[in-house]
Amino acid sequence: MEAGLPADLPRLSPRRKGPRPGTGIVHLGLGAFFRAHGALYIAEAMAASGGDWGIIGVSLKRPDQRDRLAPQDFAYTALELGPSGEVPRLVDVLAGVLVAPEDPEAVVALMAAPATRIVTLTVTEKGYCHEPATGRLSLTHPDIVADLAEPARPASALGFLVRALARRRAAGIKPFTVLTCDNLPHNGAMLRGLVLELAERIDPALSEWIAAEGRFPSTMVDRIVPATSPADLDHVARLIGCRDESPVLHEPFRQWVIEDDFVGGDRPDLGASGAELVANVAPYELMKLRCLNGTHSSLAYLGYLAGFETIAETVADPTFSTFLDRLWAEEILPGLTPPPGVDLAAYAARLKERYANPAIRHRTWQIAMDGSQKLPQRILGQLEEGLVAGRSMAGLILAVAAWMTYVGGTDLSGNPIDVRDPMADRLRALCDAAEGSAAKVAALLALREIFPASLAGNTAFRTRLVEAHAGLAERGARAMVEACHA
């Protein structure tokens with residue numbers, strides 16, 4: 001504990017007035033993002049309009065989150081980090097946390113209960129057990145293999161959804177709405193397809209029922225939520241006067257755009273808490289995925305290789321600041337149709353202000369995680385479209401080359417990189433077995449789980465990618481960024 005904090009500092013506890021609202025939502029994958037974003041909207045919706053929309057979280061792999069929150073009666077602090085100050089907030093919308101591997105039946109029973117009307121998800125791109133390049137179910141994924149071998153004991157988020165929906169169908173209960181909050185294009189439609197594909201293999205009649213009765217609205221979520229460090233725990237304790245073992249930190253900005261398509265129209269009054277309920281999320285989703293997530297990943301790989309620890313430090317460098325501006329102006333915005341009433345240039349300018357917020361220590365290493373799952377959605381789609389349209393796309397090509405360098409496991413100074421990716425071992429083996437940029441690029445482009453054949457087979461793209469990869473090794477990241485749009 002940081003010097004100066006009392007040894008007997010009390011543990012955080014909720015200051016609840018009256019009974020806790022009933023549970024109406026089960027959330028799969030209870031990480032920091034949902035607790036700093038969706039949970040706040042839902043708490044505010046209940047405060048404004050009532051309703052039993054309390055949340056029970058489900059940890060799909062480990063008990064850590066449950067063990068940190070249970071002694072606090074599942075309350076936690078959300079700390080807003082703005083350029084001009086910090087604002088702590090006590091959040092008491094969680095009613096509990098289940099750990100799926102400990103008792104999968106309890107999770108299925110909770111999801112199948114009539115009171116559960118919405119199941120939300122933040123399981124990250126890799127949690128959908130799909131092939132990012134195709135959007136189809138990965139039948140070789142260990143969790144899907146387990147789900148098909150033993151449907152009564154789900155392993156994946158998809159398995160829990162299918163099993164709980166099957167139980168509701170058998171009991172004559174209408175399905176719950178499935179609301180994904182992950183950064184994937186057409187995320188609701190994609191998740192619907194994956195659920196139907198898995199259900200079809202288990203019970204075709206179940207798949208037909210889900211297709212007819214279920215609802216999978218697409219969403220766009222936006223808020224920068226950096227990882228919480230031990231030093232942050234001490235800092236929060238100083239601010240609030242008690243110990244919180246699971247606070248979340250976030251920027252002031254937030255946005256949640258949701259297709260208003262719920263089973264029976266049953267949902268919290270999310271509009272009262274500032275969510276945008278629309279008929280078509282796609283323009284918002286694509287704008288955010290490409291303008292924010294695509295540049296975030298580009299800055300993460302290039303910034304990391306240039307020696308920057310955070311995004312704020314990266315964009316404070318004039319060379320990277322100019323690179324970012326030109327990435328938006330020349331490669332990203334020309335391929336977008338703006339959502340109604342949105343000025344894309346103003347949106348990008350606001351993003352840059354958010355990136356530069358010195359209070360948000362969003363590490364390049366953190367954003368660089370799981371790149372094999374993120375690149376197809378964040379960069380490769382728009383890269384291929386831009387090349388077809390005749391745009392140079394030099395910045396995004398350089399970003400892909402930086403990812404290829406990064407997953408080799410060694411930075412440009414020869415230091416090891418702690419690569420966190422579900423394909424990390426395979427990526428490293430391919431890089432180690434190849435000699436020189438041309439061979440390394442060819443080996444990685446052959447991964448159809450990541451690179452579509454149409455892009456990998458583009459000779460001009462491949463040539464420029466090899467040049468960018470070699471240039472990073474020879475000249476360094478900052479010099480390549482500086483020369484990128486020259």
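The values are calculated or read from the model by the stated rules, or taken from the named source; none is laboratory data. All figures in this text were calculated on a predicted structure; none of them were measured in a lab. When we count neighbours, we look across all protein chains shown, and the Cβ atoms used for this are built from the backbone with ideal geometry, even at glycine. The area values use the complete protein model at the heavy-atom level, side chains included, leaving out ligands, DNA and RNA. Shrake-Rupley method; radii C 1.70, N 1.55, O 1.52, S 1.80 Å.
Observations on the structure shown:
- Subset of the range 158-191 [part of a strand (DSSP E or B) and of a type in the set (A, V, I, L, M, F, W, C)]: V178, L179
- Where a residue in the range 127-145 is polar (S, T, N, Q) and its partner, wherever it lies, is open to solvent by 20 Å² or more (accessible area, probe 1.4 Å), with Cβ under 6 Å and at least six apart: S138/E131
- Complete set of residues in the range 449-486 that are among the small types (G, A, S), under 15 Å from I397 (Cβ atoms), open to solvent by 20 Å² or more (accessible area, probe 1.4 Å) and part of a helix (DSSP H, G or I): A460, A470, A483
- Picking from residues in the range 146-160 that are without any contact (Cβ under 8 Å) to a residue 60 or more places away in the chain and of a type in the set (A, V, I, L, M), the one that is most open to solvent (accessible area, probe 1.4 Å) is A149.
Conditions (1) farther than 27 Å from F320 by Cβ; (2) of a type in the set (G, A, S), marked per residue:
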position	(1), (2)
L427	no, no
A439	yes, yes
L444	no, no
R448	yes, no
A479	no, yes
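- Whichever residue in the range 415-429 is open to solvent by 50 Å² or more (accessible area, probe 1.4 Å) and free of Cβ contacts under 8 Å to residues at least 40 places away in the same chain and, among such residues, is nearest to A486 (Cα to Cα): N415
- Helices (runs of 4 or more DSSP H) (entirely within the range 348-448) containing at least 2 residues that are farther than 19 Å from E309 by Cβ: 371-375, 381-388, 394-406, 424-433, 437-445
- F323 farther than 16 Å from A401 by Cα and touching a residue at least 40 places away in the same chain (Cβ under 8 Å): no
- Every condition in (1) open to solvent by 50 Å² or more (accessible area, probe 1.4 Å); (2) touching a residue at least 24 places away in the same chain (Cβ under 8 Å); (3) under 25 Å from M111 (Cβ atoms) is met by P19 except one, and the failing one is (2).
- Hey, R192 touching a His at 6+ places or on another chain (Cβ under 9 Å), surrounded by 15 or more Cβ atoms within 10 Å (Cβ to Cβ) and under 30 Å from M369 (Cα atoms) or not: no
- In the range 73-100, the residues that are without any contact (Cβ under 8 Å) to a residue 12 or more places away in the chain, part of a loop (DSSP other than H, G, I, E, B) and on the phi > 0 side of the Ramachandran plot: none
- For first residues located in the range 283-308 and under 14 Å from Y347 (Cα atoms) and among the polar types (S, T, N, Q), partners that are open to solvent by 10 Å² or more (accessible area, probe 1.4 Å) and not in a loop (DSSP other than H, G, I, E, B) and lie 6+ apart or on another chain with Cβ distances below 6 Å form the pairs N293/R378.
- Any pair with Cβ under 8 angstrom, 6 or more apart, that starts in the range 395-414 at a residue that is at positive phi and modelled with pLDDT of 95 or more and ends at one that is of a type in the set (K, R) and open to solvent by 10 Å² or more (accessible area, probe 1.4 Å): G409/R428
- Hits in the range 253-288 (condition: open to solvent by 40 Å² or more (accessible area, probe 1.4 Å) and of a type in the set (S, T, N, Q)): N280
- Every pair of residues 6+ apart whose Cβ atoms lie under 7 Å, when the first sits in the range 328-350 and is open to solvent by less than 60 Å² (accessible area, probe 1.4 Å) while the second is outside any helix (DSSP H, G or I): E331/R391; E331/M393; G335/A389; L344/L336; L344/P338
- Members of the range 303-325 that are surrounded by fewer than 17 Cβ atoms within 10 Å (Cβ to Cβ), over 22 Å from N415 (Cα atoms) and within 25 Å of the chain's Cα centre (by Cα): A316, S321, D325
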